[in-house]
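Have a look at the structure below before the remarks.
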Amino acid sequence: MVEKERISLCNDKEVKNGEYVLYWMQASQRACFNPALEYACLTANALNKPLIVLFCIMPGYLAASFRHYKFMVEGLQENSDSIRKRGAAFIIKAGEPCEIITELSKNASMIIFDFAYLDFMKAVRKKAAAQSVCRVVQVESNVVVPVAAASSKEEYSAATLRPKINAVVSKYLDYEEEKIEIKNKISDPQIESLTEQQAKEYIQNFKRNNRYFDESSFTGGYSQACQKLEVFIKDKLHNYAGMRNDPTCEVQSDLSPYLHFGQISPVYIAKQIIKTLSESAEEYLEELIVRRELAHNFVMYNEDYARYDSVPVWAKKTLAEHLSDPREYYYSPQQLENAQTHDEYWNSAQNELLLRGKMHNYMRMYWGKKIIEWSETPQKAFEIMVYLNDRYEMDGRDPSGYAGICWCFGKHDRPWSSRRIFGNVRYMNDKGLERKFKIQKYVQRIENLKKGR
Ligand code: FAD
């Protein structure tokens, strides 16, 4: 059963006696463990209407590159097969979702959205709901604890959010999926739709014949995500607590791209991890639930999440006080993008991002701190980080991305002793990497990746 805290009204229109119930699948691109889809199925059956699931391909979506579209489209066939098996229709359209939904609303009884956190997608939902002629409801389906159910305000840090999450999380982890069959089955909804093959051909328009924009080492789709989870549980989880910070060890789950596209549910992942009874389970759940949902809390309650304005007041003040500190190196956005700095560890991290489409978590922190050190102003550093993160990370354009960038500037952290350029904001240096890890091993791995391409 979908928990009521996940469900909210998007307009005050009536439920109509239309031809179908419509679910616009956008944030939760999966047929399994998807409360929005489940709610849509329940609604269709309660109204005795067929269910149509709509998928839109939006050109020019928030700095997305071909590598992101490709990953997304790779998940489509599996979703459409699972949804059709339940007796619902799956249609794919290319274009502006607001116009498509407004048009489809004319024959709909009710419309269901999955929930958005970023401004751009919130605005699309708001406009589509206002223009639709029937009731629109949204279901928050990509977090374990719905953000407002955990906290009604922007949290200061993980330490303040953690007890609030822990107080309610078991209720949401009890969720069991009901694979609901549609009673009023539909095979052909008589609505123009791209086939999965046509969707693949359509996105070729976004190709730039540049390997950094076009390729990554990830293949999209629910089965791929489940396979990654299985490998993680079998081979890596036992080392996660001790080694997750070490960029020379590959013990991270690599699930962030799948979570970003909603191709796997965080509730499902958490349930599988809990079942293992592994000693590392607690550390993993801390990242998957507390840290990830702290990021969702941040973007939900801080409208400046993608701008320097979102940096805490104390951090902005201390960084401003150190603006005139001499910088040993300055790099232009192009030099940074092309991994052309004097620092081979930083260049390796940037190359990992360009080539693989996913930088190791620890190197993301180092990467961000160095961009602050090598930029004229913290504002410029913030902008270039958002640009690079959103363009190249397969998990970019995500709440965890904006929170991670802001963390480099002191968000969700505390003041440290004062340093050149950073003031009281936490500082990181290459000596730390050398002290903690066999960092040359990481450099070598990325060199091999380069040669392999
Ligand atoms: P695992 O270690 O296997 O963790 C499992 C899941 O927990 C991750 O998939 C993720 O959803 C969540 N998680 C782990 N660490 C964090 C964290 N620090 N904050 C929030 N959630 C976390 N994450 C993104 O998903 N997208 C981004 O664009 C992104 N950009 C970042 C930029 C910077 C500068 C920094 C410092 C961090 C960024 N992160 C981002 C957070 C983190 O680095 C990634 O979530 C993590 O590396 C993803 O790899 P994984 O799935 O193998 O992680």
- Message: Please determine whether any residue of region 329-347 is under 29 Å from GLY60 (Cβ atoms), part of a loop (DSSP other than H, G, I, E, B) and within 15 Å of the ligand (Cβ to nearest atom).
- Response: no
- helices (runs of 4 or more DSSP H) wholly inside region 169-283 that include at least 1 residues being touching a residue at least 60 places away in the same chain (Cβ under 8 Å): 196-202, 211-214, 222-231, 256-260, 266-276
- Message: Among the listed residues ILE273, ILE264, identify the single one that is under 16 Å from PHE33 (Cα atoms), open to solvent by less than 10 Å² (accessible area, probe 1.4 Å) and touching a Cys at 6+ places or on another chain (Cβ under 9 Å).
- Response: ILE264
- Message: Can you tell me which condition LYS70 does not meet? The list is (1) open to solvent by less than 40 Å² (accessible area, probe 1.4 Å); (2) modelled with pLDDT of 95 or more; (3) closer than 22 Å to GLU393 by Cα, and all the others hold.
- Response: (1)
- Under the condition of being under 25 Å from ALA123 (Cβ atoms) and of a type in the set (Ser, Thr, Tyr), which residue from region 1-34 is nearest to the chain's Cα centre (by Cα)? SER28
- Does region 60-86 hold any residues that are of a type outside the set (A, V, I, L, M) and farther than 23 Å from LYS358 by Cα, and which are they? GLN77, GLU78, ASN79, SER80, ASP81, SER82, ARG84, LYS85, ARG86
- Subset tally (residues that are more than 23 Å from GLU250 (Cβ to Cβ), touching a helix residue (DSSP H, G or I) at 6+ places or on another chain (Cβ under 7 Å) and within 16 Å of the ligand (Cβ to nearest atom)) for region 423-453: 2
- Item | Positions within region 350-370 being crowded, with 19+ Cβ neighbours inside 10 Å and touching a residue at least 60 places away in the same chain (Cβ under 8 Å), in sequence order | ASN351, GLU352, LEU354, LEU355, ARG356, GLY357, LYS358, HIS360, TYR362, MET363, TYR366
- Task: Kindly provide the set of residues from region 385-438 that are in a loop (DSSP other than H, G, I, E, B), among the small types (Gly, Ala, Ser) and buried (at least 23 other Cβ atoms within 10 Å of the Cβ), ordered by number.
- Result: GLY396, GLY410
- Note on the structure: Residue pairs qualifying under the 6 Å Cβ cut-off, at least six apart or on distinct chains, with the first in region 440-453 being within 13 Å of ALA349 (Cβ to Cβ) and the second being open to solvent by 60 Å² or more (accessible area, probe 1.4 Å), are VAL443/GLU344
- Scan of region 186-229 for residues that are over 27 Å from ASN107 (Cβ atoms), hydroxyl-bearing (Ser, Thr, Tyr) and surrounded by fewer than 18 Cβ atoms within 10 Å (Cβ to Cβ), ordered by number: SER217, THR219, SER223
- Take MET300 and decide whether it is within 12 Å of the ligand (Cβ to nearest atom) and either in contact with a strand residue (DSSP E or B) (Cβ under 6 Å, 6 or more places away or on another chain) or open to solvent by 50 Å² or more (accessible area, probe 1.4 Å) (or both). no
- Query: Tally time: how many residues in region 129-184 are over 20 Å from TYR305 (Cα atoms), surrounded by fewer than 16 Cβ atoms within 10 Å (Cβ to Cβ) and basic (Lys, Arg)?
  - Reply: 3
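The values are calculated or read from the model by the stated rules, or taken from the named source; none is laboratory data. From a predicted model like this one, the values you see are computed outputs, not experimental measurements. Methodologically, a virtual Cβ is constructed for each residue, glycine included, from the backbone with ideal geometry; neighbour enumeration extends over all protein chains shown. Just the protein is used for accessible areas: all its heavy atoms, side chains included, with ligands, DNA and RNA removed. Shrake-Rupley method; radii C 1.70, N 1.55, O 1.52, S 1.80 Å.
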